[in-house]
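Quick notes on the structure that follows.
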Amino acid sequence: MTVYPMIKLQNISKTYPSSSGVFYALRDLSLEIGHGQYIAVTGPSGAGKSTLLNILGGMTRPDHGDVLVNGKQLYNLSEKKRNEYRRVKIGFVFQQFHLIPYLTVYENILTGISGGNNRSNIQPLLERFQLENKSKHHPSQLSVGEKQRVALIRATVSRPDMILADEPTGNLDQENSKIILDFFREYHGEGKTVILVTHEPGLSGLADRVVHLRNGIATF
Ligand SMILES: Nc1ncnc2c1ncn2[C@@H]1O[C@H](COP(=O)(O)OP(=O)(O)OP(=O)(O)O)[C@@H](O)[C@H]1O
Ligand SMILES: [Mg+2]
């Protein structure tokens, strides 16, 4: 039986049109992500970090190259199957949270529940992240750190195999950052895959591997 890496990126490029022709957000990037790895993606603003995460999450189709998930081409899957991959296999913590403004905290978290999962995971997570008194609040009534924690709960409530987290501590104080980083360490300790995008060089030491991006080019 062939054992495939969880995700294999082969010679990925992603371009955007620009006034001077074509702009490369990612250029010829190849990367293998094994099951249960903890990877930090670092690099300056505009380096291509969010673009990489969106490609891994099945949200942005690259212009060139292959994205293989367990040996299968992610971007050859039907829209339905790719949505299922997003919903079931991964938890995405967006840089701008993307909470739904007209839903409460609890209802936002419910949108992260997939398939046969029940709701019993929610209350312990609300308590752990000190949000038990905020479950009926709407996102506009939350602090930035609280929004970030709600986004994290929504992404992980169904215990997906992989978390993709885009600057999850970018706006937080030390105490809130620690809460989130401790959670990732624990999640990784349970055999899950964690991909953490961060500006902060100090945080990359927490990971098994660091991918450094600059102008769309990766170094390892
Ligand atoms: N839809 C788009 N159209 C045109 N250019 C884009 C688009 N999305 C991203 N880019 C450009 O691609 C480059 C990479 O963007 P990306 O969001 O991946 O950077 P980043 O490393 O996540 O930056 P930051 O740390 O500021 O979040 C940037 O120069 C950005 O302006
Ligand atoms: Mg970004």
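Details
- In order along the stretch 140-150, phi translates into HN-Hα couplings of 5, 9, 10, 6, 4, x, 5, 4, 4, 5, 4 Hz, rounded to whole numbers, per the Karplus curve 6.51 cos²θ - 1.76 cosθ + 1.60 with θ = phi - 60° and x for Gly and Pro.
- Environment charge at Met162 (Cβ cut-off 9 Å; Lys +1, Arg +1, Asp -1, Glu -1): +1
- Eligible lysines near Lys89 by straight Cα distance, threshold 24 Å, same-chain separation 8 or greater: Lys8, Lys14, Lys49, Lys72, Lys80, Lys81, Lys147, Lys192
- Over 22 Å [Cα-Cα, the stretch 47-151], rounded percent: 42 percent
- Helical content alone sets the calculated 222 nm signal of the chain at -7500 deg cm²/dmol, taking -39,500 (n - 2.57) per DSSP H segment of four or more residues and averaging over every residue.
- Solvent-accessible surface (1.4 angstrom probe) belonging to Asp208, in square angstrom, nearest 10: 90 Å²
- Restricting the calculation to Cα atoms, the chain yields a radius of gyration followed by a Dmax of 17.3, 53 Å.
- Accessible area (Å², per residue) of the chain, counting only protein heavy atoms and a probe of 1.4 Å: 50 Å²
- Fraction of beta bridges assigned by DSSP in the chain that are antiparallel (%, nearest 5): 55 percent
- Under a 5 Å amide H cut-off, with hydrogens placed 1.01 Å from N, His64 pairs with Ser13 among residues at least 5 apart or on other chains.
- Degrees, to the nearest 10: 174-189 long Cα axis against longest axis of the chain: 70 degrees
The values are calculated or read from the model by the stated rules, or taken from the named source; none is laboratory data. The shown structure was predicted, so the numbers you read here are calculated from the model rather than taken from an experiment. Every residue, glycine among them, receives a Cβ derived from its backbone with ideal geometry; neighbour counts consider all protein chains shown. Surface areas here come from the heavy atoms of the whole protein model, side chains and all, with no ligands, DNA or RNA. Shrake-Rupley method; radii C 1.70, N 1.55, O 1.52, S 1.80 Å.
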